[in-house]
Amino acid sequence: MSDEIANAAPVMDDVPQALPDGGEAPFGGRDVLVVIPTLNEAGTLESVVRQLVDPHGSGRHRVIIVIADGGSTDGTFALALDLARTTPCIRLMDNPNRTQAAAMNRAVARFGVPGGIVVRCDAHAAYPPGFVDRLVESLERTGAHSVVIPMDSRGRECFGRAVAWVSDTKLGSGGSAHRGGRNSGWVDHGHHAAFLVDRYRGNDGGYDLTFTHNEDAEFDCRLRRRGGRIFLDADIRIDYYTRSTVSGLWRQYRGYGRGRSRTARRHPGSMRARQLAVPTVVTALATCLILSPFEPLLLALPLTYLTALVGTSVQLALRHRSMCGLGAGLAAATMHIGWAAGFVGGLVTIRERAWLPVGAPAGSADRPRVALVDPSLFTGPYDAGLDEGLVSIGVPTLWAVRPLRRGQQGDLSPDRCRPLFYRHVDDATWVPPRLRPALKAAAHLVGLARLVATIRRERIEIVHFQWNVLPIVDALAIRILRRRAVVVVTVHDATPFNGDHLPLLQRWGFDLPARLAHAVVVHTSRGKETLAARGVAADRIAIVPHGPLTLRAPLGEAAPMDVASDGRTTFTLFGQIKPYKGADLLIEALALLDPALRSGVRVIIAGARMMDTSALEQRIEALGLGGTVECRFGRLSEAEMDRLFNETQVFVFPYRQIDASGTYYLIRDRAPWIIASRVGVFAEDFIEGSDGRSVPPGDVPALAAAIAEAAGGCPRRPAGPRGVGWPAIAEQTLRVYGIAAGRAGR
C-alpha cells in the first residue's frame, strides 16, 4: 500500500500547516486532526467522510482527515484514494499494526500539531452535522483535556437491531453513561471523541499498543492519574452500528473482557461494580448449573437469569414493534458470557503489573527486569547510553558481556555487568591462531548456556540482544529463552556487517534472531524496509533512534572552525577502516581537486585497520597525495580521539552503505561540517545545508565538489545537542518491551 500512496500525487503523507487550499484560518481557529482507522470498511467509509467534511460547518478550524488503513481487502483503500483525490483535506496512511490504537498513535505522531486537537472517528458510525466544530467548542468551553460522547446503538440486520436495542438497557450495558446516556458531566471514561494533542502525546505517547481492546479505558486511567479531566458531552451524539452475527458479537465482547482484565490489574481500583458483576454472575451461573444435579435448588439463579433475558426480549419486541427484539436475550447472553470468558481467560493467561507514571524512581514495581546482551562489547558506547537512559526511568538492568581486557576502561557500570561470555579466552595465548576462532565459538556456546541459566535463576522478564555474534547459534538460544522471557533484538546494521567478508558461521542465518524475536529494534526506516523485504514481520519492527555518544576523556579546547594550525582546512575520515567506509573514494576525489585548492587541504584517515590498507597507501603515493593525506592507522585512545576531533573542521563519511554510524553520533554534537553519502542515517537524520553536504554513494565527482566547497570556507554548523536524548530513547525502548510482552502473552 505504501507504494500506492507514494505514487498518488494528491495523497501525500506530508501534512500542511495551513488550510488545504493554502489560506489562513480566521483568528481563534485550531489545528484539528481527524483520524479514521479502517479495515474493510468500504460499505460505510464514504458516508462517514461526507458527514465529517461538513459543508455547513464554520470552517474556522484547520482540519486534516487521516484515513489510516490496516490492509483492507474489500476495496476500502481504492475508495479512500478516490475520496482523497476529490477532497483536499484528506490524507492516507498505512497502519501496519491494523488496530485502532496503532492508527491513532501513528497519525498523531506524524500529523499532530502542538497545541492542536485530535478527533477519533469510527468508520462504522454516523456523525451529526458540525461534529468536529462542536467537539472543539466543548473542549474550549469546559477546559477538559478530553471530551467523550454517548453512543446510540443502531443495527442493520435483524440480530444487529436486537444487539443495538439491548445495548442501551441496563441489562446490556449496566447503565454505562456513554451507552445512550442523557446527562453531561465529568466522568472517568466514555466513548473517545476528542483530545488535546499535547495531552495525548504526553500520556505515554497515546494508546498502549499491547491492548487490542479496552485501550481507551486504559488510556483514561493514565490520563486521570496525571491530573487530566474527561468531560462527557451528552449533546454531541453518534450512531454506532453493532455486530450483526452471534460469532462477531462473541469475539468483540471476549476481546473487551480480556482488555478489561488487564486494565483492572494495571490500574487497581478502576473497575466498577457493574463490570465486576458480569464475571461474578456468569461464574455463579456456571457453578449452579454444574452443581444442580446434587442440589436442584441451585437452578433458581439460572432460571432467574433466563427469565430476565426472556422478559427483556419480549419488552423490546413490543416497544419496537418488531420480532427482531426477541433476539435481545440471546444478544445479552452472548455479551455477558463472552465478556466474562475474556475477563477470566485474561486473568489466567496474561501477566500484568500495576502502572506507575513515567519517571518513577528506580526499582519501581511496574518496571520489568531487563537483561541486555552484548557478548563482545561490540557496541559499548551505545550500550552505556541506553543503560543510562533505562536506569534513569527506573528500569533495573543486567548486562551479559565479556570480561574487560587488561588495561581496558569499560563503558558500562561494573555493578550491572555479568561476564558470562569468553571467560579466559583472551588469556589462552597458547592456542594456535588458526584454532582461536573455534575456541571462541565454543566459548560463545558456553556463554549462551550461562545466559539461559541466569535468566531462569533471576527471573528476568525481558532479554534484549544488542548484537548476535553467531546468528545461527544465538537463534537456538532465543528459541529456548522465548519460553520464559520476552525477547527483543536490536539490528544495528540491516545489511550483514555492511557487506564485510566474514566467516560463514558469522553470516549464516543472519536474520534468524530477528525472525524469532517478539520485537526488533532498528534505527532507520531503511533498516526496517530492508529487514521486512527479507522476511522479518514488519509489524514486529520498531524504529528507535540512535542516541548521542560521548567521549569519557575530558574534552580539550576546541580548535578554530575555519583553519587548522598550519593554515589548511582539515578533513577527517575516522573509524574502523573497512571497505564500505569508502576511504578509496575519498582518495580518488582528492585527485580530482584543482592543485591550487588541494594545497589548502589536509586529510586525515584515522582508525583501526580492519582490512589490508596497502592498496590505499600505494594509491596515495601514485597520485602524489602524500603531502595531503595523513594515515593514522591503529586504535586511538579517547584522549587521542579528542585531540583529533578538535583539529578537524570537516568530517567525511563517503560510505557505500550504512544504517547507523557510531562515529556520526560521536561527532554530531561537536559542530564540525559534515560531508556524507546519502545512505542510512545520513539520509534520514542529516539536514542538508545545515549539517553539511550529502552526496550520492559512490559518486566521486560529487564528493570532490563537496570537498572543494568546504575547502573554500565552509559555514559553521549550529552548535549544541541535536536529536533525541537517552531518557527519551529509553522510554521508546520500554514501550517496545511492552508491545513485545503483549505479543508474547505476558
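Tabulated results
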read-out	value
Any hit, the stretch 284-307, residues being touching a residue at least 60 places away in the same chain (Cβ under 8 Å) and either within 30 Å of Gly394 (Cα to Cα) or surrounded by 12 or more Cβ atoms within 10 Å (Cβ to Cβ) (or both)	no
Test result for Ala123, assigned to a loop (DSSP other than H, G, I, E, B), surrounded by 23 or more Cβ atoms within 10 Å (Cβ to Cβ) and touching a residue at least 12 places away in the same chain (Cβ under 8 Å)	yes
Options Ala317, Ala284, Ala277, Ala328; residue that is under 30 Å from Arg353 (Cβ atoms), of a type in the set (A, V, I, L, M, F, W, C) and in contact with a helix residue (DSSP H, G or I) (Cβ under 7 Å, 6 or more places away or on another chain)	Ala284
Positions within the stretch 394-449 being open to solvent by 80 Å² or more (accessible area, probe 1.4 Å), more than 26 Å from Val463 (Cβ to Cβ) and of a type in the set (A, V, I, L, M, F, W, C), in sequence order	Trp430, Leu435
Residue in the stretch 577-594 that is loosely packed, with under 14 Cβ neighbours inside 10 Å, touching a helix residue (DSSP H, G or I) at 6+ places or on another chain (Cβ under 9 Å) and not hydroxyl-bearing (Ser, Thr, Tyr) present	yes
Failed condition for Asn105, given (1) modelled with pLDDT under 90; (2) within 30 Å of Ala532 (Cα to Cα)	(1)
Test: residue in the stretch 241-251 that is closer than 30 Å to Arg156 by Cα and touching a strand residue (DSSP E or B) at 6+ places or on another chain (Cβ under 8 Å)	yes
Test: Glu640 is under 22 Å from Gly712 (Cα atoms) and surrounded by fewer than 16 Cβ atoms within 10 Å (Cβ to Cβ)	no
Residues satisfying the stated conditions in the stretch 512-525, i.e. surrounded by 20 or more Cβ atoms within 10 Å (Cβ to Cβ) and modelled with pLDDT under 90	His523, Thr524
In the stretch 699-746, the residues that are at positive phi and at pLDDT 90 or above	none
Condition check for Leu644: in contact with a Ser or Thr (Cβ under 8 Å, 6 or more places away or on another chain), at pLDDT below 90 and not polar (S, T, N, Q)	yes
Test: residue in the stretch 612-627 that is under 19 Å from Glu640 (Cα atoms), more than 42 Å from the chain's Cα centre (by Cα) and not in a helix (DSSP H, G or I)	no
Qualifying positions in the stretch 266-283 - within 17 Å of Leu347 (Cα to Cα) and part of a helix (DSSP H, G or I)	Arg266, Gln275, Leu276, Ala277, Val278, Pro279, Thr280, Val281, Val282, Thr283
Residue match in the stretch 458-466 (condition: outside any loop (DSSP other than H, G, I, E, B) and open to solvent by 10 Å² or more (accessible area, probe 1.4 Å))	yes
Filtered residue count, the stretch 594-647, keeping only those that are of a type in the set (Asp, Glu) and touching a Pro at 6+ places or on another chain (Cβ under 9 Å)	1
Every pair of residues 6+ apart whose Cβ atoms lie under 7 Å, when the first sits in the stretch 41-59 and is under 22 Å from Thr242 (Cβ atoms) and in a loop (DSSP other than H, G, I, E, B) while the second is open to solvent by 50 Å² or more (accessible area, probe 1.4 Å) and at pLDDT 60 or above	Ala42/Asp74
Hits in the stretch 60-95 (condition: touching a residue at least 12 places away in the same chain (Cβ under 8 Å) and charged (D, E, K, R))	Arg60, Arg62, Asp69, Asp74, Arg85, Arg91, Asp94
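The values are calculated or read from the model by the stated rules, or taken from the named source; none is laboratory data. Remember, predicted model here, so these are calculated numbers, not experimental data. Here Cβ is always computed from backbone atoms with ideal geometry, including for glycine, and neighbour counts include all displayed protein chains. Areas reflect the complete protein model, heavy atoms only, side chains present, ligands, DNA and RNA absent. Shrake-Rupley method; radii C 1.70, N 1.55, O 1.52, S 1.80 Å.
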